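Visitor: Questions regarding the structure given below will be posed in turn.
Every number here is computed from the coordinates shown, using simple stated rules; none is lab data. Given the structure is predicted, the values throughout are model-derived calculations rather than measurements. When we count neighbours, we look across all protein chains shown, and the Cβ atoms used for this are built from the backbone with ideal geometry, even at glycine.
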Amino acid sequence: MSVQPAAPDPVDVALRVLLDQPTYAAQTALTMAAVLDLTPGEPMTYLDCARVANLAADAILGRLPAVVREESLARLHPALPPIGAVTHGEYALHLRNVAKGL
C-alpha cells in the first residue's frame, strides 16, 4: 500500500506563483526594453525614453488602480539608467539589468 502525498495548500501555491512574478515596475522596465529592441541601432534620446516609458506604463499599469501605478512608477523612475551615448539595444540591456533589482 502506497501513501499519497498530501495535496499542496492552494494558498501556498498561489503565493508562490505570485512571489515568483516580476513586480509591476520590473514588468514596465522589461516592456520598455522589448520596445527598444524593435530599433536596436537607433541612438537613445531622452525623448525616446519618455515615449517608451509612457507606452510601457500604459500597457502594464494602465488598468491598475492609480495607487499601484504611482507606486510602480515611483520605483521605476529613479532606477532608470542614465542616457548617454548608447543605442536603443544597449539601453534595453541596461533596463533588463535594472528590472532584476525591482
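Visitor: Which of 94, 27, 43 sits farthest toward the positive end of the charge dipole of the stretch 24-101, with +1 on the Cβ of Lys and Arg and -1 on the Cβ of Asp and Glu?
Guide: 27
Visitor: Give me 102, 47 ranked fewest to most by other Cβ atoms within 10 Å of their Cβ, as a rough exposure proxy.
Guide: Working: 102 17, 47 9.
Fewest-to-most Cβ neighbours within 10 Å comes out as 47, 102.
Visitor: While we're here: Suppose we look only past 22 Å in the calculated P(r) of the stretch 24-101. What percent of the Cα-Cα pairs does that tail hold? Before the final figure, lay out each step's value.
Guide: Working: 472 of 3003 pairs.
Cα-Cα pairs of the stretch 24-101 separated by over 22 Å account for 16 percent.
Visitor: Which order do peptides 17-26, 70-79 fall in by mean Cβ count within 10 Å, highest first? Walk me through the intermediate numbers first.
Guide: Details: 17-26: 13.4, 70-79: 15.0.
Highest mean packing first, the order is 70-79, 17-26.
Visitor: Let me ask you something else. Taking 8 Å as the Cα distance limit and 6 or more residues as the minimum spacing, I'd like the relative contact order of the chain as a percentage.
Guide: Values: 99 pairs, mean separation 43.8, N = 102.
It rounds to 43 percent for the chain.
Visitor: Between the stretch 1-58 and the stretch 70-102, what's the alpha-carbon centroid distance in Å?
Guide: Between the Cα centre of the stretch 1-58 and that of the stretch 70-102, the gap is 13 Å.
Visitor: Under a Cβ-only charge scheme (Lys and Arg +1, Asp and Glu -1), can you give me the dipole magnitude of the chain about the Cα centre, in debye to the nearest 20?
Guide: Details: 7 positive and 10 negative charges, 14 e Å.
Dipole of the chain, to the nearest 20 debye: 60 debye.
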